[in-house]
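Asker: The structure is given below, and queries will be raised subsequently.
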Amino acid sequence: MKTYKPYTKSRRHFSTTTFKGKLTAQEPYKPLTAGRKRHVGRSNGRISVRHKGGGHKRLFRDIDFSYQKRVPARVETVEYDPNRSGFIGLLLYRDGERRYALLPQSVKAGDAIETTESAPVSPGNRLPLKGIPIGAFVYNVELKPGQGGKMGRAAGANIEVLARDVGYVDLKMPSSEVRKVLETCWATVGQVSNEEHHLVKIGKAGRSRWMGVRPTVRGSAMNPVDHPYGGGEGRSGRGLRRAKTLWGKPAGKGQKTRRPKKYSNYLIVSRRKVGKRKKS
């Protein structure tokens, strides 16, 4: 981590991830980039997700999460992507094609990567879950075969292979939830790069605005018409036994928010631990 001299009050608590010695390219590979309009939480002009807007312009990198190309590749560069927390790498395939992929820890420029059913179980290689031994860590895991990686894509994320039974593999998520996934789904071996990301301290409100995060107003500071916590004389507590969202739905503090009839409930082996006493 990189810290700074406190020449301003906010700079005292300001920290960033050290990229020196990790990244090998300053500019992205142009054929795999594109401009893209960010909808910043709006749907047909109406706010559907609050606290989004503004922020620095970002160039979109076309990341291959499915690895459908079954040709050996070599990591050509390690790059920063403003659209995600982990580092990405430019893969040069044996047939000359280049694609971007999410890189794991310990993989650097010049390393070889394989995507086959019989690939060695080493960081960066991708293979079906049925070929990965119990106890191994994976990321970029598919929910359905051929769909492309959906789970475990944030910086430092890893999913542990716990057990294998009757066509399914039990996976322990970063949230501590244990769920079943078909053993024919593919996953990449290793842990997502940039593991220090969770230690970053934003330091000041302006830095949040650079990232496209707008201010959040406390519910207890609003009027009763605007939030369930609103109203009261002076500084008042929420006045409710259980936490609620702006729309009156349960929120945080160990409350269950998953739909009782969600289609994938039968795949959940053990529910995630929540609240202050959460244990990994």
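The values are calculated or read from the model by the stated rules, or taken from the named source; none is laboratory data. These numbers were taken from a predicted model, which means no experiment stands behind them. In this analysis, Cβ positions are derived from the backbone assuming ideal geometry, glycine residues included, and neighbour counts consider all displayed protein chains.
Asker: Of the numbered conditions (1) surrounded by fewer than 12 Cβ atoms within 10 Å (Cβ to Cβ); (2) farther than 30 Å from SER118 by Cβ, GLN68 satisfies every one except a single condition; which is it?
Answerer: (2)
Asker: Only residues that are β-branched (Val, Ile, Thr) and modelled with pLDDT of 95 or more: list them for the stretch 152-183, please.
Answerer: ILE159, VAL161, VAL169, VAL178, VAL181
Asker: What pairs can you find where one residue is in the stretch 99-111 and outside the structural domain of THR33 (by TED's automatic domain parsing) and farther than 20 Å from LYS20 by Cβ, the other is of a type in the set (Val, Ile, Thr) and part of a strand (DSSP E or B), and their Cβ atoms are less than 7 Å apart, with a gap of 6+ or different chains?
Answerer: Sorted first by the residue in the stretch 99-111, then by its partner, the list stays empty.
Asker: Can you tell me how many residues in the stretch 91-118 are touching a helix residue (DSSP H, G or I) at 6+ places or on another chain (Cβ under 8 Å) and of a type outside the set (Asp, Glu)? Step through it out loud before you land on a result.
Answerer: Step one: of the stretch 91-118, the residues touching a helix residue (DSSP H, G or I) at 6+ places or on another chain (Cβ under 8 Å) are 98-100, 105, 117-118.
Keeping just the survivors that are of a type outside the set (Asp, Glu) gives 98-100, 105, 118.
Result for the stretch 91-118: 5.
Asker: Scanning for something closer than 27 Å to LEU90 by Cβ and buried (at least 21 other Cβ atoms within 10 Å of the Cβ), does the stretch 159-180 turn up at least one residue? Talk me through it step by step, then tell me what you get.
Answerer: First pass over the stretch 159-180, keeping only residues closer than 27 Å to LEU90 by Cβ: 159, 174.
With the extra rule that they be buried (at least 21 other Cβ atoms within 10 Å of the Cβ), the set shrinks to 159.
Yes, the conditions are met somewhere in the stretch 159-180.
Asker: Let me confirm something: among VAL269, VAL274, which residue is out of contact with any helix residue (DSSP H, G or I) (no Cβ under 9 Å at 6 or more places or on another chain), closer than 29 Å to GLN105 by Cα and without any contact (Cβ under 8 Å) to a residue 24 or more places away in the chain? Steps first, please.
Answerer: On the way: VAL269 fails: without any contact (Cβ under 8 Å) to a residue 24 or more places away in the chain.
Among VAL269, VAL274, only VAL274 is out of contact with any helix residue (DSSP H, G or I) (no Cβ under 9 Å at 6 or more places or on another chain), closer than 29 Å to GLN105 by Cα and without any contact (Cβ under 8 Å) to a residue 24 or more places away in the chain.
Asker: Then there is this: Just to verify a result, which residue in the stretch 26-52, among those that are surrounded by 15 or more Cβ atoms within 10 Å (Cβ to Cβ) and in contact (Cβ under 8 Å) with a residue 24 or more places away in the chain, is nearest to VAL217 (Cα to Cα)? If you could, list the steps in order and put the result at the bottom.
Answerer: Looking only at the stretch 26-52, we keep the residues that are surrounded by 15 or more Cβ atoms within 10 Å (Cβ to Cβ), and these are 28-29, 32, 38, 41, 52.
The next check asks that each one be in contact (Cβ under 8 Å) with a residue 24 or more places away in the chain; those that pass are 28-29, 32, 38, 52.
Numbers: PRO28: 37, TYR29: 40, LEU32: 39, ARG38: 23, LYS52: 13 Å.
Residue satisfying both the conditions and the ranking: LYS52.
Asker: Still on this structure, please answer the following. Within the stretch 65-79, does at least one residue satisfy the condition of being assigned to a loop (DSSP other than H, G, I, E, B), touching a residue at least 12 places away in the same chain (Cβ under 8 Å), within 20 Å of the chain's Cα centre (by Cα) and over 25 Å from GLY146 (Cα atoms)?
Answerer: Within the stretch 65-79, none of the residues are assigned to a loop (DSSP other than H, G, I, E, B), touching a residue at least 12 places away in the same chain (Cβ under 8 Å), within 20 Å of the chain's Cα centre (by Cα) and over 25 Å from GLY146 (Cα atoms).
Asker: Which residue, of ALA119, ALA101, ALA112, is over 19 Å from ASN265 (Cα atoms), over 21 Å from the mean Cα position of the chain (by Cα) and crowded, with 17+ Cβ neighbours inside 10 Å?
Answerer: Numbers: ALA101 fails: over 21 Å from the mean Cα position of the chain (by Cα); ALA112 fails: crowded, with 17+ Cβ neighbours inside 10 Å.
After applying the criteria, what remains is ALA119.
Asker: If I filter the stretch 132-148 for residues that are in contact with an Asp or Glu (Cβ under 9 Å, 6 or more places away or on another chain), assigned by TED's automatic domain parsing to the domain that holds LEU102, under 27 Å from ARG50 (Cα atoms) and outside any loop (DSSP other than H, G, I, E, B), do I get at least one hit?
Answerer: Looking through the stretch 132-148, none of the residues is in contact with an Asp or Glu (Cβ under 9 Å, 6 or more places away or on another chain), assigned by TED's automatic domain parsing to the domain that holds LEU102, under 27 Å from ARG50 (Cα atoms) and outside any loop (DSSP other than H, G, I, E, B).
Asker: Another one. For the stretch 191-206, check the following and say yes or no: at least one residue is modelled with pLDDT under 95, over 27 Å from the mean Cα position of the chain (by Cα) and surrounded by 15 or more Cβ atoms within 10 Å (Cβ to Cβ).
Answerer: There is no residue in the stretch 191-206 that is modelled with pLDDT under 95, over 27 Å from the mean Cα position of the chain (by Cα) and surrounded by 15 or more Cβ atoms within 10 Å (Cβ to Cβ).
Asker: Also, quick follow-up: Do the conditions hold for PRO128, that is, is it assigned by TED's automatic domain parsing to the domain that holds VAL71 and modelled with pLDDT under 95?
Answerer: Values: assigned by TED's automatic domain parsing to the domain that holds VAL71: yes; modelled with pLDDT under 95: no.
So PRO128 does not fit the description; no.
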